[in-house]
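Enquirer: Here it is, the structure, as structure tokens.
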Amino acid sequence: MDKRKMTRDSAPADDIDGLLADFTDEFEARADEIRLKRDKLDFAREWHYDGIHYKKFTRRNHVYLCAFGIFYAFFLILGALSFMSIESPTELEARRQLILYRNTFAAKYNIQDDDLEAFLKEVVSANERGISILKNASSSELNWSFGQALFFSSTVVTTIGYGHVTPISETGKIFCMIYATLGIPLTLVLLSAVVDRLMIPVSGLLGFMNAKLGHLYQPFNIRLLHLLLLVVVIGLLFLVAPMFVFAYMEPSWDLLDAFYYCFISLTTIGLGDFIPGDGENVSNPTLYKTLTTCYLLLGLAGVMLALSVFYQIPQLNLGQLFTEYGSGASESEKMRLSGGGAPCYSGPTGLYIPQRDEEVRRAVVRIRPRGEDSPSPEDTTPMHARDMRVP
């Protein structure tokens with residue numbers, strides 16, 4: 001009798017355990033499904049807020065873009081005509097002097113024209129590969145010594161690319177392409193991380209200027225003053241001071257040439273007409289090239305910092321003329337893009353919102369209760385806990 005009763009009692013327990021196991025499996029499956037949907041929603045939201053889905057283009061944006069394209073084409077044509085009118089007379093005079101000197105040299109030493117032409121071709125070909133024949137080519141530093149190679153590597157990964165020295169072998173060309181593919185993103189990551197940290201004191205300076213000058217000037221004027229101050233400091237550190245250093249180290253350069261080299265290098269134009277350390281007067285070219293490499297990296301970080309601050313001024317961001325932002329944008333993003341509210345500065349890897357003290361201060365107001373507002377005797381909450389915070 002007891003055994004039959006135990007059997008009847010154990011059967012419902014087994015059923016309950018089975019139901020619980022089924023419920024647990026179904027619950028975990030549903031939880032996994034919900035988690036997967038949440039991850040997809042988070043990814044879509046991040047993609048959305050990154051400025052891809054909430055951008056839309058109106059007819060006015062297309063008109064602005066067409067007008068800007070026409071202006072840009074006119075700007076290129078104007079530049080071409082200006083350079084042609086400025087440089088053509090100098091080039092014609094240089095051609096005339098070169099032809100005169102060549103004919104005089106051939107007549108003086110009675111050299112056949114074909115022999116002189118073959119010799120000049122070899123000289124020009126060697127010069128294009130970075131080999132100078134002036135004085136004694138074997139006495140100058142090799143193009144692929146450590147200092148020269150380090151300088152070349154820095155010009156590759158920073159996209160400056162002077163072009164005065166290039167790989168000659170096929171293996172060197174293949175390695176250069178692989179090295180640039182890996183090195184350029186690494187350089188951008190490094191410079192972005194440095195600029196991200198420099199934006200903290202720079203944004204702090206803007207907050208200080210807002211606190212001190214906010215009652216005298218408009219926010220846009222304060223931003224312009226902040227940008228001007230930053231540009232002046234960066235210009236003194238990476239353009240003016242290096243100009244005197246290069247003019248001293250390179251006797252053949254005047255101050256204009258040195259400033260021209262700094263500007264062309266830090267803007268990554270890299271024409272290659274002026275290269276530091278290639279003269280015969282540098283006592284330690286390896287150290288000189290290494291220090292120049294450090295200067296280029298620091299200077300590029302300074303330029304990126306100035307550009308980051310410049311692009312965070314909405315009134316100067318011309319890109320807003322060509323793009324409308326829809327309702328999908330977050331409120332903080334729309335405030336940043338429209339320039340309303342507190343000034344926002346987004347660095348390469350972060351968003352900085354410097355705020356004035358009075359904008360974030362919360363006033364604590366004590367309110368004297370009236371008779372009908374008096375707490376009941378059962379309410380034991382202390383009076384200081386009933387303070388109301390108003391913005």
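The values are calculated or read from the model by the stated rules, or taken from the named source; none is laboratory data. Predicted model only: the values in this text are computed from it and were never measured. Here Cβ is always computed from backbone atoms with ideal geometry, including for glycine, and neighbour counts include all displayed protein chains. Surface areas here come from the heavy atoms of the whole protein model, side chains and all, with no ligands, DNA or RNA. Shrake-Rupley method; radii C 1.70, N 1.55, O 1.52, S 1.80 Å.
Enquirer: Multiply the residue gap between F175 and D22 by 0.36 nm, knock off their C-alpha separation, and tell me the result in nm, one decimal place.
Expert: Values: separation 153, 0.36 × 153 = 55.08 nm, distance 5.95 nm.
So the chain would gain 49.1 nm between F175 and D22.
Enquirer: What is the Cα centroid distance between region 249-267 and region 181-227, reported in whole angstrom?
Expert: 27
Enquirer: Calculate, in nm to one decimal, what A107 and L92 gain on full extension: separation in residues at 0.36 nm each, minus their alpha carbon distance.
Expert: Net length gain for the segment: 3.1 nm.
Enquirer: Moving to a separate point now. Of the peptides 71-84, 161-174, how do they stack up when ordered by the mean number of other Cβ atoms within 10 Å, highest first? Spell out each step's value before the answer.
Expert: Values: 71-84: 10.1, 161-174: 13.9.
With the highest mean Cβ count within 10 Å placed first, the list reads 161-174, 71-84.
Enquirer: Could you order W144, W253 by accessible surface area, starting with the largest, using a probe radius of 1.4 Å?
Expert: Values: W144 120, W253 25 Å².
So, going from the largest accessible area down, we get W144, W253.
Enquirer: Could I get the Rg over Rh figure for region 188-318? Both from C-alpha atoms, Rh via Kirkwood, rounded to two places. Provide the component values of the computation, followed by the final result.
Expert: Details: Rg = 17.6 Å, Rh = 16.5 Å.
My calculation of the ratio gives 1.07.
Enquirer: Tell me the label-point distance for the pair L225, A118, using the 7 Å Cα-to-Cβ offset, in nm and rounded to one decimal.
Expert: Rounded to a tenth, the inter-label distance reads 7.3 nm.
Enquirer: Next question, about the same structure. Quick check: residue separation of S283 and I200 times 0.36 nm, minus the Cα distance between them. What number comes out in nm?
Expert: Result for the pair: 25.8 nm of gain on full extension.
Enquirer: Then there is this: Arranged from highest to lowest average of other beta-carbon atoms within 10 Å per residue, in what order do the peptides 175-182, 218-225, 301-308 appear? Please report the intermediate quantities before stating the final value.
Expert: Working: 175-182: 12.5, 218-225: 15.4, 301-308: 18.5.
Per-residue mean Cβ counts within 10 Å order the peptides as 301-308, 218-225, 175-182.
Enquirer: In nm, to one decimal, how far is the modelled label at F75 from the one at L36, with both set 7 Å along Cα→Cβ?
Expert: A separation of 5.0 nm, rounded to one decimal place.
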